[in-house]
Each structure stands twice: as structure tokens, then as C-alpha cells.
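The values are calculated or read from the model by the stated rules, or taken from the named source; none is laboratory data. Predicted model only: the values in this text are computed from it and were never measured. Cβ coordinates were reconstructed from backbone atoms using ideal geometry, including for glycine residues, and neighbour counts include every protein chain displayed. These accessible areas exclude ligands, DNA and RNA; they are computed on the full protein's heavy atoms, side chains included. Shrake-Rupley method; radii C 1.70, N 1.55, O 1.52, S 1.80 Å.
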Amino acid sequence: MAHYRAAESKREQFRRYLEKSGVLDTITSVLVALYEETDKPINALDFIKVHLGGAGPEPADTDALRMELADLQQKCNLLMEENKELRNRLMQYEASTEEGAAE
């Protein structure tokens with residue numbers, strides 16, 4: 001009997017902790033939103049994840065984004081090099097036109 005009370009006490013403490021931290025209210029509101037949804041989503045778990053804010057990109061999306069990031073970084077580096085080269089050419093051109101104007 002004492003073991004039952006200890007387990008019940010821990011359970012009650014945990015329930016109060018969840019209630020105090022707002023977890024129960026948040027979960028309840030998400031479940032109510034799912035219940036009130038006229039067109040029920042195919043995947044209820046995804047609905048809950050999205051409404052709790054825990055939905056991140058899918059692994060396939062993450063891989064695609066990493067590949068796109070690497071590609072864009074490479075393009076950025078090429079453009080930076082081209083920009084540097086063009087600035088050098090411009091400086092040379094400006095220097096030569098200044099020398100020609102001075103003569």
C-alpha cells in the first residue's frame with residue numbers, strides 16, 4: 001500500500017509540474033485545434049508537431065539544403081574572385097587613363 005502511495009505521489013507531482021509549466025494547457029489547446037479541424041490531416045502527429053513548433057525540416061530536405069548551401073558557397077567564392085579581378089583591372093585602367101591625361 002505504501003508503494004502505491006509513493007507511485008501516486010510521484011505521478012501527482014509530475015502532473016502538477018506539467019500543469020505549472022504550461023505543458024498541459026499547450027497540449028490541450030493543440031488537441032482541441034486538431035479536434036476542431038474540419039478537414040482532418042492525414043498525419044495527426046505531423047499536425048501536432050507543427051502546432052507545437054517542433055517540426056523541423058525532413059532529413060531529405062536537410063540534405064538538399066546542405067547541397068544547395070555548398071553550391072551557393074562555391075558560387076559566392078567564384079564571384080568574389082571575379083570581383084577582385086575586375087577591381088584590379090579597373091584600378092589598372094584608371095591608373096593608365098590618369099597617366100595619359102597627365103601627359
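A few comments on the model shown:
- Debye intensity ratio in log₁₀ form over the Cα atoms of the chain, taken at each q of 0.17, 0.23 Å⁻¹: -0.96, -1.13
- J(HN,Hα) series, the range 62-67, from Karplus relation 6.51 cos²θ - 1.76 cosθ + 1.60, nearest Hz, glycine and proline x: 4, 4, 5, 5, 5, 5
- Stretching the chain fully between Lys40 and Ala70 yields a gain of 6.9 nm (0.36 nm per residue, less the alpha carbon separation).
- Estimated vicinal HN-Hα couplings, Hz - the range 82-91 in sequence order (Karplus 6.51, -1.76, 1.60; Gly, Pro = x): 4, 4, 4, 5, 5, 5, 4, 5, 5, 4
- Extension gain, Glu82-Ala7: 0.36 nm per intervening residue step, less the Cα-Cα distance, totals 20.0 nm.
- Nearby lysines by direct alpha-carbon distance to Lys75 (threshold 28 angstrom, same-chain neighbours under 8 apart not counted): Lys84
- Local net charge near Phe47, Cβ-Cβ under 13 Å (Lys/Arg +1, Asp/Glu -1): -2
- Accessible area (Å², 1.4 Å probe, nearest 10) - Glu82: 100
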